[in-house]
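Visitor: Quick one: structure below, then a few questions.
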Amino acid sequence: SSAGGAHCFPDLRVGVFKEIVPMGIDPNIVSYKETGIHLSPQEFHREVEQYLSQASQGQSDTILLDCRNFYESKIGHFQGCLAPDIRKFSYFPSYVDENLELFKDKRVLMYCTGGIRCERGSAYLRSKAVCREVYQLKGGIHKYLEEFPDGFYRGKLFVFDDRYAIHSNEDIISACRYCGTLWDQYKLCSSQHCRQLVLTCPSCRNKGLTACCPVCQEKELKVTSRASGQTLKEECECTRRRPRVPVERVSQRTLGAGKD
């Protein structure tokens, strides 16, 4: 549980889905029953501590993998993690496929917000049979922060409601899109044609810089609706210039370890 209120959850929708969090892989092909080994927050904390110690000496055979989207890890993540620059969880299987060499013979420690994506992500990674071992944080970052509010996770925890983020420490690890000052409070892009999330500080917002990128800001795009009345979401500069599935350099893995 975490602090909130009715204003954070304005809608209630009930639906039946084949996947709780869509990964795009049929559960009958890659079963959630074949997940990685679950680690309690205490066990995960010890593993991360050992990993950071070994990585600082260039001796780690472990990858600490954040399987969330880039805008989530941007405002908060575990120190020394590998945070894929992907926009949707449905891109995760392609990310694994394109970077199999990175995971070969490695121990992988996975984590996500509440543990749900890891149920699917760890099963997919295990199905590739390239890792020595695959572990996942039981209960996700939420449970870890309950036990270790000032542990190895730094920054805010992104949540998918109108709060956008909750915090357990005072670290700010991201910056304003326009001026670069430390800032980690998301707002929706002011162009309803786009509606992506943007980090823009109060000073820049007061100057009218409220869109996710210069293209949206300059064009001042008008709302375009489909026949159904739904807003049409088009890709803007932010999305077009980001590779859909980034390919990591194998040697790059240890460069950032323990430096956050």
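Visitor: Which whole-number percentage describes the relative contact order of the stretch 95-231, with Cα contacts under 8 Å and a sequence gap of 6 or more?
Guide: Relative contact order, the stretch 95-231: 14 percent.
Visitor: Output ³J(HN,Hα) for the stretch 134-145: one whole-Hz value per residue in order, computed from phi by the Karplus curve 6.51 cos²θ - 1.76 cosθ + 1.60 with θ = phi - 60°, and x for Gly and Pro.
Guide: 10, 10, 9, 7, 5, x, x, 4, 3, 5, 4, 5
Visitor: Helix 116-127: angle to the longest alpha-carbon principal axis of the chain, degrees 0 to 90, nearest 10?
Guide: 50 degrees
Visitor: Please compute the contact order of the chain in relative form: average sequence separation of alpha-carbon pairs under 8 Å and at least six residues apart, divided by the residue count, as a percent.
Guide: Once divided by the residue count of the chain, the mean separation gives 21 percent.
Visitor: Related question: Give me the net charge of Lys18's neighbourhood, meaning all other residues with Cβ under 12 Å from the Cβ of Lys18; Lys, Arg count +1, Asp, Glu -1.
Guide: Its environment carries a net charge of -1.
Visitor: Among [x] 27, 20, 18; [y] 31, 22, 19; [z] 47, 21, 19, which is the computed semi-axes √(5λ) of the Cα gyration tensor in Å?
Guide: [y]
Visitor: Add +1 for every Lys or Arg and -1 for every Asp or Glu among the other residues with Cβ under 10 Å from the Cβ of Arg68, and state the total. Please report the intermediate quantities before stating the final value.
Guide: Numbers: positive: Lys74, Arg117; negative: Asp66, Glu72.
So the surrounding residues net to 0.
Visitor: At what distance in angstrom do the alpha carbon centres of the stretch 166-221 and the stretch 93-148 lie from each other?
Guide: First find each Cα centre; the distance between them is then 30 Å.
Visitor: So which of Lys128/Lys156; Lys156/Lys207; Lys18/Lys106; Lys88/Lys143 end up more than 29 Å apart, counting from Cα to Cα? Can you show the working numbers first?
Guide: Numbers: Lys128/Lys156 32 Å; Lys156/Lys207 26 Å; Lys18/Lys106 31 Å; Lys88/Lys143 23 Å.
Too far apart for the 29 Å limit: Lys128/Lys156; Lys18/Lys106.
Visitor: Shifting gears a bit: Quick check on packing: order 49-59, 168-178 by the mean number of other C-beta atoms within 10 Å, highest mean leading.
Guide: 168-178, 49-59
Visitor: Would you tally the net charge around Ser122, using a Cβ to Cβ cut-off of less than 12 Å, leaving Ser122 out, and scoring K and R as +1, D and E as -1? Working shown, then result.
Guide: Numbers: positive: Lys33, Arg117, Arg120, Arg126, Lys128, Lys138; negative: Glu34, Glu119, Glu133.
So the surrounding residues net to +3.
Visitor: Might you tell me the accessible area per residue for the chain, computed with a 1.4 Å probe and given in Å²?
Guide: Ligands and nucleic acids excluded, the result is 55 Å² per residue.
Visitor: Quote the relative contact order of the stretch 71-158 in percent (integer), defining contacts as alpha-carbon pairs under 8 Å separated by 6+ residues.
Guide: Relative CO of the stretch 71-158 lands at 41 percent.
Visitor: Carbon and sulfur: what percent of the chain's accessible surface (1.4 Å probe)? Let's see the in-between values first.
Guide: On the way: 6830 of 14170 Å².
Taking all protein chains in place, the chain shows 48 percent carbon and sulfur surface.
Visitor: Between Asp26 and Arg46, what is the FRET efficiency for a Förster distance of 41 Å, r being their Cβ-Cβ separation, to the nearest 0.05?
Guide: 0.70
Visitor: Ok, one more. Per residue of the stretch 36-46, in order, report the coupling 6.51 cos²θ - 1.76 cosθ + 1.60 (Karplus, θ = phi - 60°) as ³J(HN,Hα) in whole Hz, putting x for Gly and Pro.
Guide: Here the 3J(HN,Hα) series is x, 6, 6, 10, 5, x, 5, 5, 5, 4, 5 Hz.
Visitor: Along the charge dipole of the chain, which of Leu125, Ser168, Ala55 sits closest to the positive end, that is, farthest toward it, with unit charges on the beta carbon of Lys, Arg, Asp and Glu (+1, +1, -1, -1)?
Guide: Farthest towards the positive pole: Leu125.
The values are calculated or read from the model by the stated rules, or taken from the named source; none is laboratory data. Computed from a predicted model, the values in this text were never measured in an experiment. Positions of Cβ are generated from backbone atoms using ideal geometry, with glycine treated the same way; all protein chains shown enter the neighbour counts. Accessible surface is based on the protein model in full, side chains and every heavy atom, while ligands, DNA and RNA are left aside. Shrake-Rupley method; radii C 1.70, N 1.55, O 1.52, S 1.80 Å.
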